[in-house]
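Trainee: Sharing a structure, written as structure tokens. Questions coming.
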Amino acid sequence: MSEELITTNNKEILLVGTAHVSSSSVAEVKEAISRFRPETVGIELCQKRYNVLRNPQPWEDTDIFSVIKEKKTAFLLANLVIASFQKRIGDRLGVKPGAEMSAAVEEADKEGIPVALLDRDIQVTMKRLWRMLSFKERLRLFWALISTMFSTEEVGEKEIEKLKRTDVISLAVEEMAEKAPSVKKVLLDERDEYMARKISDIRSRKVVAVVGAGHIGGIRKNLNHVPENIERLELIPPGGRHILKYLIPLAIGIVIVLGFFSGGREKGYEMMKWWLLSNAFFAALGSTLALAHPLSILIAAIASPITSLNPTLAAGWFAGLSEAYLRKPKVSDFESLQDDISSIKGFWKNPITRILMVVVFANLGSALGALVAMPVLARIMLK
């Protein structure tokens with residue numbers, strides 16, 4: 001753990017940097033609060049994550065149908081993959097990820113010290129990240145998540161030593177910075193700026209701020225020049241390439257119609273056949289890889305050729321809703337979720353994560369089917 005005392009505007013701020021998965025950080029956080037005796041304790045959490053900290057079994061209240069309908073499937077699955085990675089490291093180090101934040105809250109409660117939440121809303125952060133990523137960066141990020149999910153390697157001693165000096169998320173972000181600069185900008189730089197302003201706004205003369213060690217340098221820098229406007233960091237950038245979402249399906253529809261006019265029914269029907277088969281096959285394949293129910297696989301196959309031409313719909317939503325209805329998760333599935341995400345097998349075993357994967361894999365399969373069909377349609381058209 002690292003500490004840094006900053007004096008600014010007649011305020012003493014003790015930045016306490018933790019590793020998030022270090023057992024020593026828990027005791028050191030409590031000791032720092034007890035020694036410094038702050039008027040306010042700030043923690044690197046937003047309201048949503050703070051609620052999870054207070055209620056460690058929030059999964060039981062999760063409505064899987066709402067998750068799919070509100071298009072939060074990929075977001076939730078990505079969070080579970082990250083949680084899985086953190087849990088594996090925590091198991092190796094013998095400490096629960098985020099235990100130092102719990103320790104800070106417990107110590108503050110014991111001493112009657114108010115707690116201030118410093119971090120930006122996690123959903124805002126993830127939405128800003130997704131909107132700012134280029135297509136290439138999205139692919140790299142997706143591949144990184146998949147690699148993490150399927151990784152069977154144990155965390156080595158070298159990585160353990162690094163984690164003792166920084167925190168898990170910061171270390172992962174730094175490794176991705178060269179391949180996807182937007183990841184570092186949103187997950188580190190923007191949050192450093194945001195938390196510095198939040199700390200500066202605390203009306204106390206003595207403050208302890210418990211944050212990941214990787215944020216110490218950035219927060220210190222921003223405390224010296226406190227940003228005037230952080231509202232801009234809470235805005236969700238407009239989604240790019242909206243026109244393409246409509247132009248591509250429109251172009252495909254026009255190509256098939258032209259096939260009927262230029263080559264007659266035979267060519268038109270052949271183009272329709274390949275479009276249907278390609279979309280249906282790959283959507284069904286994606287659902288099968290997620291071990292979906294046979295009926296969910298069939299629904300993905302039927303929906304894909306239609307949803308591929310409608311940017312407001314997705315085959316995975318229909319397949320996921322079918323899976324959730326046919327294999328509705330039980331309370332025990334939510335209770336075992338924390339343990340199941342610790343292994344690859346657990347992701348497929350638990351009905352909740354399996355439903356999420358059905359949505360994502362069916363959508364990926366549908367997208368792949370459309371990409372495969374396009375050159376085939378062009379070839380038939382030019383015959």
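All of the numbers you see were taken from the coordinates with simple rules; none came from a lab. Remember, it's a predicted structure, so these values are computed and weren't measured experimentally. Counting neighbours? That spans all protein chains shown, and the Cβs are built from the backbone with ideal geometry, glycine included.
Trainee: What FRET efficiency, computed as 1/(1 + (r/R0)^6) with R0 = 35 Å and r the Cβ-Cβ distance, is obtained for Phe36 and Arg232, rounded to the nearest 0.05? Walk me through the numbers before you get to the answer.
Mentor: Details: r = 32 Å, r/R0 = 0.93.
It comes out at approximately 0.60.
Trainee: Take peptides 106-112, 370-376, 6-12, 304-310 and line them up by average Cβ neighbours within 10 Å, highest first, as a rough protection proxy. The partial results should precede the final answer.
Mentor: Values: 106-112: 14.0, 370-376: 15.9, 6-12: 12.1, 304-310: 20.6.
Final packing ranking: 304-310, 370-376, 106-112, 6-12.
Trainee: Now for a separate question. Could you pull out every residue, at least 5 positions away or on a different chain, whose amide H is within less than 5 Å of the one on Ala116? Hs are placed 1.01 Å off N in the peptide plane, and Pro or chain starts have none.
Mentor: Hits under the 5 Å cutoff: Val41, Gly42, Ile43.
Trainee: Please get the size of the charge dipole for region 242-382, origin at its Cα centre, with Cβ charges of +1 on Lys and Arg and -1 on Asp and Glu, quoted in debye to the nearest 20. Before the final figure, lay out the partial values.
Mentor: Numbers: 11 positive and 7 negative charges, 49 e Å.
Roughly 240 debye, rounded to the nearest 20.
Trainee: Let me ask you something else. Label-point separation (nm) for Ser24 and Lys206, each offset 7 Å from Cα along Cα-to-Cβ?
Mentor: Taking the two extended label points, one gets 2.6 nm.
Trainee: Calculate, in nm to one decimal, what Lys48 and Lys273 gain on full extension: separation in residues at 0.36 nm each, minus their alpha carbon distance. Intermediate results must be reported in sequence, preceding the final value.
Mentor: On the way: separation 225, 0.36 × 225 = 81.00 nm, distance 4.76 nm.
Going from the current span to full extension adds 76.2 nm.
Trainee: While we're looking at this one, here's another question. Of the cross-linked pairs Lys72/Lys185; Lys30/Lys330; Lys72/Lys330; Lys69/Lys345; Lys71/Lys349; Lys72/Lys184, which ones have a Cα-Cα span greater than 30 Å in the structure shown?
Mentor: Numbers: Lys72/Lys185 23 Å; Lys30/Lys330 38 Å; Lys72/Lys330 20 Å; Lys69/Lys345 26 Å; Lys71/Lys349 23 Å; Lys72/Lys184 22 Å.
From Lys72/Lys185; Lys30/Lys330; Lys72/Lys330; Lys69/Lys345; Lys71/Lys349; Lys72/Lys184, over 30 Å: Lys30/Lys330.
Trainee: Now a separate question. If you wrap a convex hull around the C-alpha atoms of region 242-382 and split its volume per residue, what is the figure in Å³? Each step should come with its number before you reach the end.
Mentor: Values: hull volume 14.9 nm³, N = 141.
In region 242-382, the Cα hull volume divided by residue count equals 106 Å³.
Trainee: A further question on this structure: Tell me, rounded to the nearest percent, the portion of alpha carbon pairs in region 284-357 spaced more than 22 Å apart. The partial results should precede the final answer.
Mentor: Working: 688 of 2701 pairs.
Of the Cα pairs, 25 percent sit more than 22 Å apart.
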